[in-house]
Every structure is written in structure tokens, then in C-alpha cells.
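A.B. asks: To start, I am sharing the structure in question, which I have written as C-alpha cells.
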Amino acid sequence: MATTANLSALIKYYADKQKSPFIDFKEFCTYIKKYADHHVEEQGELVKYLGDTAGTINAELQGLSEKHLVAMTTNGNKKMIVAFNFFVSRYTAQYNEILRNDSTPYPLVSDLPKQFPLTAIERKAAVSYIPSLIEKDTSKTNQIFFSGIFSGNSSFSIAILHFNENFD
């Protein structure tokens with residue numbers, strides 16, 4: 001990975017390295033402080049992580065959360081970062097497999113890990129949402145669609161995870 005000060009890119013790299021979308025906040029802060037200390041001469045913007053690392057990261061995570069790039073959760077007494085881009089990479093591969101092999105199952109919300117914050121997923125009635133998708137170009141959409149959600153009145157719904165970055 002090239003040296004960067006982009007926290008979203010660093011979260012993606014760290015999640016990929018850990019092979020998990022669930023990142024312990026304290027461990028990540030320690031990693032970022034070491035990363036910044038090692039690369040600050042190459043990338044001057046990293047100096048912001050050398051002071052109050054946890055406070056700086058926490059403030060930036062709020063912005064990333066508003067952009068649907070991460071979510072903050074707690075697991076017991078641990079503060080966790082949920083890296084949505086980890087799922088984007090995973091489901092992009094699954095969608096590509098669906099294109100090659102139509103017997104590949106479409107992703108379901110129940111496929112997500114139990115720790116995944118379901119509040120990050122928007123649910124919409126398929127009967128009204130799908131026609132609106134057909135009307136506009138969705139080839140560059142920043143959404144992951146999940147099927148198999150049924151509302152109380154037995155109408156078919158879809159769940160959508162929005163994100164604001166493109167990953168191939």
C-alpha cells in the first residue's frame with residue numbers, strides 16, 4: 001500500500017490485513033500512531049495522528065459514519081469500527097460470480113455477521129423501489145442489495161447498504 005493519510009483507505013487496508021471487518025478501536029489507534037510516526041516525513045498530513053490519536057480518529061470516524069463508510073459499535077467493553085468497504089469487496093465478488101453462474105445465491109441480510117449493525121441497512125418495499133431503479137442508471141450505484149426480507153404484511157422487501165466509495 002502506498003503511504004496515505006486517508007483514514008478510510010487505512011481502515012480498508014487494516015480490515016483486509018486482519019481479514020475481518022470488525023476492528024478494535026484501541027488496536028487501530030495504536031496501529032495508526034505507529035504508521036503516522038513511521039511515515040510522517042513522506043506524508044505530512046499524518047502529523048495529526050501523533051498527538052491525541054484516539055480523539056483525532058474518533059472525530060474522523062464520525063464523518064466517515066455519516067458518509068456510510070464505517071459504523072461504530074461496542075462488543076462487550078470494546079469499542080469497534082465496522083469497515084463497510086470490507087463487505088463491498090466481498091459482495092462485489094459475489095455479484096460478479098452471480099453474473100458468471102446464475103445458480104450462485106443472491107446475498108441475504110442473514111449472511112451478514114451477527115455483530116453487523118443492522119441500523120446501517122435501509123429497508124424498502126421492492127414493489128416501489130425496483131421501478132425507480134429501472135428509471136435511472138444504476139451501473140455506478142454505491143449500494144449493496146440484499147434480498148429475502150419480508151415485512152409484517154408479507155410483501156417482499158429489499159435491504160440496501162449505502163456507501164460512498166467505489167471499489168472494484
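A.B. asks: Which is touching a residue at least 12 places away in the same chain (Cβ under 8 Å) and more than 16 Å from P21 (Cβ to Cβ), of I98, I81, I57?
C.D. replies: I57
A.B. asks: Test L50 against the stated conditions and say whether it is open to solvent by less than 80 Å² (accessible area, probe 1.4 Å), over 18 Å from F84 (Cα atoms), in contact with an Asp or Glu (Cβ under 7 Å, 6 or more places away or on another chain) and at pLDDT below 95.
C.D. replies: yes
A.B. asks: Identify all residues within region 101-117 that are of a type outside the set (F, W, Y), open to solvent by 50 Å² or more (accessible area, probe 1.4 Å) and farther than 17 Å from I23 by Cα; write none if there are none.
C.D. replies: Applying the first criterion (of a type outside the set (F, W, Y)) to region 101-117 yields 101-105, 107-115, 117.
If we keep only those that are open to solvent by 50 Å² or more (accessible area, probe 1.4 Å) as well, we get 101-103, 105, 108, 110-111, 114-115.
Matches in region 101-117: N101, D102, S103, P105, L108, S110, D111.
A.B. asks: Let me ask something additional. Please state which of the following conditions F28 fails to meet, knowing it meets all the rest: (1) at pLDDT 95 or above; (2) open to solvent by 60 Å² or more (accessible area, probe 1.4 Å).
C.D. replies: (2)
A.B. asks: In addition: How about region 53-73: which of its residues are polar (S, T, N, Q) and modelled with pLDDT under 90?
C.D. replies: Taking region 53-73 as the starting set, the residues that turn out to be polar (S, T, N, Q) are 53, 56, 58, 62, 65, 73.
Answer for region 53-73, where residues must be polar (S, T, N, Q) and modelled with pLDDT under 90: there is none.
A.B. asks: If you check K12 against the conditions, is it at pLDDT 95 or above, in a helix (DSSP H, G or I) and either of a type in the set (V, I, T) or open to solvent by 40 Å² or more (accessible area, probe 1.4 Å) (or both)?
C.D. replies: no
The values are calculated or read from the model by the stated rules, or taken from the named source; none is laboratory data. These numbers come from a predicted model, not from an experiment. Positions of Cβ are generated from backbone atoms using ideal geometry, with glycine treated the same way; all protein chains shown enter the neighbour counts. Just so you know, the surface numbers come from the protein's heavy atoms only, side chains and all, with ligands and any DNA or RNA stripped out. Shrake-Rupley method; radii C 1.70, N 1.55, O 1.52, S 1.80 Å.
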